[in-house]
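Below: the structure, in structure tokens.
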Amino acid sequence: MGYLGQPTLVDDLLYGRDGSLIRQAVSAEQMKLLNLGGFGLAAWSRDTPDSDRPFTYRTPAVPTFDRNLRALARKVAASALIAHVRGVLYDEREQVGAQNLHPFMFDGATIALAQNGDLYDFSRMRFSLLKHVRPELAGLIEGTTDTEWVYALVLSMLEDPFGRVDAQDAVIAVERALERLRELREAHGIAVQSPINLVISDGRWLVATRFAYDYGWYPDDDSFFAAEREHDYTTLWYTTSRCDRTATNGWGAGHRPTGSLLVASEPLTKNPAGWLEAPEYSMLVATAGTGHGVTVELRELAL
Amino acid sequence: MTPARLCELPLFADLDEETVENLFDLMLPFRAPAGTVLLAEGEPGDRMHIVREGHLRVSRRLPGGETLTIAEVHDGATLGELSLFLDGRRTATVTALGDTHGWTLGRHAFALLRADSRPAAIVVSRRIGETIVARLRARCETLAARLGDPSESSSTAEVELPPPITDGAIDSEYLASLLCFRRFEGCVQVRNAVAGRVARELQRGDELITQGTSPAALYLVARGAVEVRIVHHGAAERVRLAGPGRFVGHLGVLDEGPSPVAARARERTLLIEFPPADVQRLLAEPRATGRCCATAFYEDAARAVRQADWPTARNEMAKRATPSDANRAEHQQSSKKNRGHAFAGSRTHAQMTPLKLIKTTIGSGAAGGTSSE
């Protein structure tokens, strides 16, 4: 999930709804798989020292049982946030550990990135990707996920991967990275459905994609997608409502807008009224204004 | 209420006495005084309401707490019929504006009707399915009207489809796993449904249906995806993305009239054709394969109606949001560039043309929380 707007208690964002992200680790409404591979967040707070840098929290444990996270969330407000519960295949070959937790943010970089997706057969293209990733970034990759490579690729598309960039530069970098991945997939003959829903932020803007390569070409091994066919194009939802802590329904319950945008892989309320589904092959671009407003742009990803 | 009253509804007109009496046993009467919320958005839906007399408003909630009025309906209207075909939650709220009464038909009762092979049951099931197709056409026409005069963008250009591909492209075991065949009894019945049908493979960007013409077939997407769009003066609004197990070409095959939408392959796509004459035969077919196909066609039309709701809601939200002072100038400049919030129509073979869909500003200076009504 991603958030940009008015400073809001992290507890409201992570826990405050009947379909909250933390609940989605074990009981998502639309995606039936359990997300047991860990949890991570990066959150920006205007009133903290060095406010351009987010505070981060990552745990390979299931966040549902994490008292430290709950205690922290009840005390800290954020004006931008990326949070992620990691779903992995139920397979002993999966690498579950701190090095594979989203959102990824290299030391010295200003941008964090999380993904809801899976590049099919990524291991076949991993080393071809190397020549498109700047060496100083490739050396920072610690984990085994496709997401960390995508993160390094997006940063490599920027003029200065460690400098501050605006939303438009980030959009161009994401589009170029997605195009490069398409070329590499084609070069390796990979033509199986691969969703790549990214959430990226530097605390002042937020970019979220709803995109898939080769949508509709399921893998033959009946894995991963088979159980999801009612929602087989990985979803992305957004809303601009605010959380009224006296309301039972929180986000999406229909309260005043506050100039904030919340995006999530599925609505954070079991009742989805007040949420909108982002179209397939699209990108949401949100930018915090000089006042309290947030400008939201919905673009087609015509790749 | 008596069975005879049911015949007064357009949906059940011309049915014989026995059919009406059987139908009456499956339905329950309802009464809703003015002000009653008959159906609530977001709640699980499990029945259709048929209004004998009354006046109701259909609305949905937008982010930020605003309400979008979709329609006002009167005597003879059907409401909530999508829930007879699809699981899930109500996508709109229906409020009685005047005292209203009529009948409801629950999902389980409808399932009994669909399982019945008697001609009268097939006729009633089909009429209910046709209400969904009519709703889909109405949604598309509303979207088209927002873009401008549809007649200006109609084309008579014929689509040239690639030649049929040979046997072996359609694996019935794979097809049986698709959403549209979930009510079929295994591979054998699926094989019967698709036996002898033409399959074609489209490349990304290939056109399938020209807006304003009658589709040559109802197309089942077996692999890949087809984008259904309303085109107007080179711009377009996407109505639906149809992936595996979805159909394309409902409008013009399941009903009469030209297709108000165009369709093109968004990915490399494998299609299976159901020509119009075959579709009509299957809809009237009392055997299980025909009834399952009819359910699959109408169920997917219901899914298409739900998908067609999103562009309106997204555009309405963008339209209502007012730029805050800080962003007003930028918003105005952007609005000029993005007039119509539409897709560009031109493309190259390999690459779809990029463009902005919607830009809006929300903020403390944005629209307030009250309904516009």
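The values are calculated or read from the model by the stated rules, or taken from the named source; none is laboratory data. Just so it is clear, the model here is predicted, and its values are computed rather than measured. Neighbour counts are summed over all protein chains in view; Cβ atoms, including those assigned to glycine, are modelled from backbone coordinates with ideal geometry.
Within segment B:52-68, the set of residues being farther than 13 Å from B:L97 by Cα and either part of a strand (DSSP E or B) or more than 14 Å from every other protein chain (Cβ to nearest Cβ) (or both) comprises B:R52, B:R60, B:R61, B:T67, B:L68.
Considering segment A:268-285, the residues that are more than 14 Å from the chain's Cα centre (by Cα) and farther than 17 Å from B:T312 by Cα include one that is surrounded by the fewest Cβ atoms within 10 Å (Cβ to Cβ), namely A:K270. The residues of segment B:32-41 that are surrounded by fewer than 18 Cβ atoms within 10 Å (Cβ to Cβ) and under 28 Å from the mean Cα position of the chain (by Cα), listed by number, are B:T36, B:V37, B:A40. Under the condition of being at the interface with chain B (Cβ under 8 Å from one of its Cβ atoms) and modelled with pLDDT under 90, the residues counted in segment A:276-292 number 4. So which residues in segment A:28-76 are touching a Leu at 6+ places or on another chain (Cβ under 6 Å) and among the charged types (D, E, K, R), if there are any at all? A:R58, the sole residue that qualifies.
Do we find that B:D75 is more than 14 Å from chain A (Cβ to nearest Cβ) and either among the acidic types (D, E) or assigned to a loop (DSSP other than H, G, I, E, B) (or both) in this structure? Considered against the rule, which asks whether it is more than 14 Å from chain A (Cβ to nearest Cβ) and either among the acidic types (D, E) or assigned to a loop (DSSP other than H, G, I, E, B) (or both), B:D75 comes out as yes. The residues of segment B:70-87 that are closer than 16 Å to B:R135 by Cβ and out of contact with any helix residue (DSSP H, G or I) (no Cβ under 6 Å at 6 or more places or on another chain), listed by number, are B:I70, B:A71, B:E72, B:V73, B:H74, B:A77, B:L79, B:G80, B:S83. Within segment B:51-99, being in contact with a Lys or Arg (Cβ under 7 Å, 6 or more places away or on another chain), charged (D, E, K, R) and without any contact (Cβ under 8 Å) to a residue 60 or more places away in the chain holds for B:R52, B:E72, B:D75.
When B:A121, B:A193 are checked against the criterion of being in a helix (DSSP H, G or I), small (G, A, S), crowded, with 16+ Cβ neighbours inside 10 Å and in contact with a Cys (Cβ under 9 Å, 6 or more places away or on another chain), a single residue qualifies: B:A193.
Can you tell me which of A:T295, A:T235 is buried (at least 24 other Cβ atoms within 10 Å of the Cβ) and either at pLDDT 85 or above or not in a loop (DSSP other than H, G, I, E, B) (or both)? Of the residues listed, the single one that is buried (at least 24 other Cβ atoms within 10 Å of the Cβ) and either at pLDDT 85 or above or not in a loop (DSSP other than H, G, I, E, B) (or both) is A:T295. Among the residues of segment B:215-235, those identified as among the hydrophobic types (A, V, I, L, M, F, W, C) and more than 10 Å from chain A (Cβ to nearest Cβ) are B:A216, B:A217, B:L218, B:L220, B:V228, B:I230, B:V231, B:A235.
Within segment B:312-322, none of the residues are at pLDDT 95 or above, within 14 Å of chain A (Cβ to nearest Cβ), part of a loop (DSSP other than H, G, I, E, B) and farther than 21 Å from B:T131 by Cα. The helices (runs of 4 or more DSSP H) found wholly in segment A:80-189 and carrying at least 1 residues that are touching a residue at least 60 places away in the same chain (Cβ under 8 Å) and within 22 Å of A:T235 (Cβ to Cβ) occupy A:167-187.
Here B:E185 meets each of (1) at pLDDT 95 or above; (2) over 18 Å from the mean Cα position of the chain (by Cα); (3) more than 11 Å from chain A (Cβ to nearest Cβ) with one exception, condition (1).
For A:W217, the criteria (1) free of Cβ contacts under 8 Å to residues at least 60 places away in the same chain; (2) over 30 Å from A:P7 (Cβ atoms); (3) within 19 Å of the chain's Cα centre (by Cα) hold in every case but one, which is (3).
In the set (1) in a strand (DSSP E or B); (2) more than 27 Å from B:L218 (Cβ to Cβ), B:G98 fails one condition alone, (1). Scanning segment A:9-20 for residues that are assigned to a strand (DSSP E or B) and touching a residue at least 12 places away in the same chain (Cβ under 8 Å) turns up at least one hit.
Criterion applied to B:L202, B:L220 was being of a type in the set (A, V, I, L, M), over 26 Å from B:R126 (Cβ atoms) and out of contact with any Cys (no Cβ under 6 Å at 6 or more places or on another chain), and the one residue passing it is B:L202. Residue by residue through segment B:88-118, note down the ones that are surrounded by fewer than 19 Cβ atoms within 10 Å (Cβ to Cβ) and farther than 22 Å from B:H55 by Cα. Hits for segment B:88-118 are B:G88, B:R89, B:R107, B:H108, B:A109, B:A111, B:L112, B:A115, B:D116, B:S117, B:R118. Candidates B:T91, B:T142: the one that is among the β-branched types (V, I, T), assigned to a loop (DSSP other than H, G, I, E, B) and under 15 Å from the mean Cα position of the chain (by Cα) is B:T91.
Being at pLDDT below 90 and touching a Gly at 6+ places or on another chain (Cβ under 9 Å) is the filter here; which residues of segment B:87-116 pass it? B:D87, B:G88, B:R89, B:T91, listed by residue number. Determine, yes or no, whether B:E173 is free of Cβ contacts under 8 Å to residues at least 24 places away in the same chain and not in a strand (DSSP E or B). Criteria met by B:E173. Checked against the criteria, A:I172 does not count as buried (at least 16 other Cβ atoms within 10 Å of the Cβ) and under 19 Å from the mean Cα position of the chain (by Cα).
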